[in-house]
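Provided herewith is a single structure, encoded as structure tokens, for subsequent inquiry.
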Amino acid sequence: MRAKCSFPTGMILVFLLSVCARGAAPKSEATITSDELEIMDNGAKTFFRGHVILKQDPYLLHADQMVRTKATSIVEAEGNLDGTWISEKGEKIKAYGQKGRYTTTPQVTDLWEKAQLIRWENVSDTAPVHIVAEHFTAHHVEREFYAEGHVVITQAPKFLSRSAEANYDQKIQTIHLYGPDRVFVHVEDVKGSGDFTGDEGWATLAPKTARMTGHVQGHIIPSSAS
Amino acid sequence: MSWRVGAACLAIAACIGLGGCGEKTANATPDVASAELHKPTQVLKDFEMTDSKDSVRTMTLRSIEGRIYEAQNVADVDQPFVLFYTQGVVSSRIKAPVGRVQMDTHEVEMWGGVTVVSSDSSTLTTERLRYDPKKRKIFSKDAVHLEKTDSITDGIGLETDPELKSVKIGRQKVRFKKGTPA
């Protein structure tokens, strides 16, 4: 984890929420192309307008506009945000949204408006994890990611969850589903399928475990019965 | 805004129609008339112009030679060197192989490989640019290359103040130098 992300790296992080926390350091020079660049007050504000493309291998980001404020080091992006990160091992993350913001103090990235993340484990992954939420926030130093508002996580056809909020703590590799509404989880495998509701849910990635608490109700259908 | 033309000129080397106005006759061929038109009215060595606003110097243009064409209201200048001033202090400079000054609008056009260097060492290069003193802006429609401490920008088309503090560049590509802090 880098103590401080540079401007271009920070911009990329706006859209690839999990990348910085994974410690994926950029390998090449960063470039930004756009239809127009405007530098105001000796760089106090820098605007990139029209077909903005930010590139720094292995990151790539498209947006309609980006603005960087020098005094605050805040970078804001707007319009058709489309970010991609591909690791050497073939893991790929795509992030979409209409608005994004990156701040250095504290090191936080936000992504919202039609925001979604998609993750493929490798190039042959045909069942990517898809996360939709109203707002994503990444706290880079803490390595924690928050999804707020109608959070839907899917990995078709075997997993679906709905919750008001979700949190991923990368340090302990745990996903926490919670919020004022009941958490809903649907799982499906060769043995059958199950629908569960509860007040909260947890899933650990290593080892793979799942837990729900608070008035848990479940409906399990064995595959032989279907 | 006032301009003083040729304040420091050392010599007037040539005058209108060195061949003599009397030679112009009704029988002169179009080629001769055209050649007359393209002769400078005056040739000024160590040409210098100063632009000032409210009695404060804002720009000085120096050239090893300026050729004034009164009919077109322009002066062609060789190796123009322009200094811009902010509150009396040099804030930017421009060098070019060739230039032309519009005597009525006071615009300066320079070409042949123009370099603008600001006081913070930002450097802009382009094939051709135009300075509009009324707007106090530099314009170019050509490819531009801008080097700043933290980045290198290439693009096409430019609008900037002489100090390169407020800059617009079209179809640009910025390369950020490594280690540039946010």
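Coordinate-derived values only; no laboratory data. Note that the structure is predicted; figures quoted are calculated from it, not measured. So basically every Cβ, Gly included, is an ideal-geometry build from the backbone, and we count neighbours across all protein chains shown.
Expected output is a single nm value to one decimal: the length gained when fully extending between A:VAL141 and A:THR72, i.e. 0.36 nm times separation in residues minus the C-alpha distance. What is it?
Extra length from A:VAL141 to A:THR72 when fully extended: 23.0 nm.
Apply the Karplus parameterisation 6.51 cos²θ - 1.76 cosθ + 1.60, with θ equal to phi minus 60°, to every residue of segment B:90-96 and state each ³J(HN,Hα) to the nearest whole Hz, in sequence, with x for glycine and proline.
Ordered by residue, 3J(HN,Hα) equals 5, 10, 5, 9, 10, 10, 7 Hz.
Fewest first, what order do A:ASP57, B:ASP161 take by the number of other Cβ atoms within 10 Å? Mind showing how you got there, number by number?
Details: A:ASP57 12, B:ASP161 18.
Listing A:ASP57, B:ASP161 from fewest to most nearby Cβ atoms yields A:ASP57, B:ASP161.
Ranking B:PHE176, B:PHE84, B:PHE47 by Cβ neighbours within 10 Å, fewest first, what do you get?
Starting with the residue having the fewest Cβ neighbours, the order is B:PHE176, B:PHE84, B:PHE47.
Quick one: among A:LEU61, A:LEU81, A:LEU205, which has the greatest mean-square fluctuation in a GNM of chain A with alpha-carbon springs under 10 angstrom?
Maximum among the listed residues: A:LEU205.
With θ taken as phi - 60° and the coefficients 6.51, -1.76 and 1.60, list the Karplus ³J(HN,Hα) couplings across segment A:106-119 in order, rounded to whole Hz; mark glycine and proline as x.
Running phi through 6.51 cos²θ - 1.76 cosθ + 1.60 with θ = phi - 60° gives x, 6, 9, 10, 10, 9, 8, 6, 6, 8, 7, 10, 10, 10 Hz.
Between A:ALA206 and B:VAL89, what FRET efficiency comes out of the Förster formula 1/(1 + (r/R0)^6) with R0 = 60 Å and r the beta carbon distance, rounded to 0.05?
0.45
Here's something else I'd like to know. Below 8 Å between Cα atoms, with a sequence gap of 6+, how large is the relative contact order for chain A in percent?
Normalised by residue count, the contact order of chain A is 11 percent.
List B:ILE169, A:ILE53 from most exposed to least, where exposure is judged by having the fewest other Cβ atoms within 10 Å.
A:ILE53, B:ILE169
For A:ASN122, project a label point 7 Å along Cα to C-beta. Then give me every residue of segment A:70-96 with its amide nitrogen under 19 Å of that point.
What the label zone holds, given the 19 Å backbone N cut-off, is A:85-94.
Now, a different point. Can you give the net charge of the other residues whose Cβ lies under 9 Å from the Cβ of B:VAL82, counting K and R as +1 and D and E as -1?
+3
Cβ under 10 Å from B:VAL116's Cβ, B:VAL116 left aside: what net charge do those residues give with Lys, Arg +1 and Asp, Glu -1?
Charge balance in the 10 Å sphere: +1.
Can you return the aspartates and glutamates within cross-link range of A:LYS99? Criterion is Cα-Cα under 13 Å, with same-chain partners fewer than 8 residues away left out.
Leaving aside aspartates and glutamates fewer than 8 places away in the same chain, those within reach of A:LYS99 are A:ASP64, A:GLU76, A:GLU78, A:ASP82, A:ASP110, A:GLU113, A:GLU134.
Here is a follow-up. Compute the signed sum of charges (Lys and Arg +1, Asp and Glu -1) over the other residues within less than 12 Å, Cβ to Cβ, of B:LEU158.
Net local charge, B:LEU158 excluded: -1.
Could you derive backbone 3J(HN,Hα) for segment A:121-135 from the dihedral phi with the Karplus parameters 6.51, -1.76 and 1.60 (θ = phi - 60°), listing whole Hz in sequence and x where the residue is Gly or Pro?
So the J values, rounded to whole Hz, are 5, 7, 5, 9, 5, 9, 10, x, 7, 10, 10, 10, 7, 6, 8.
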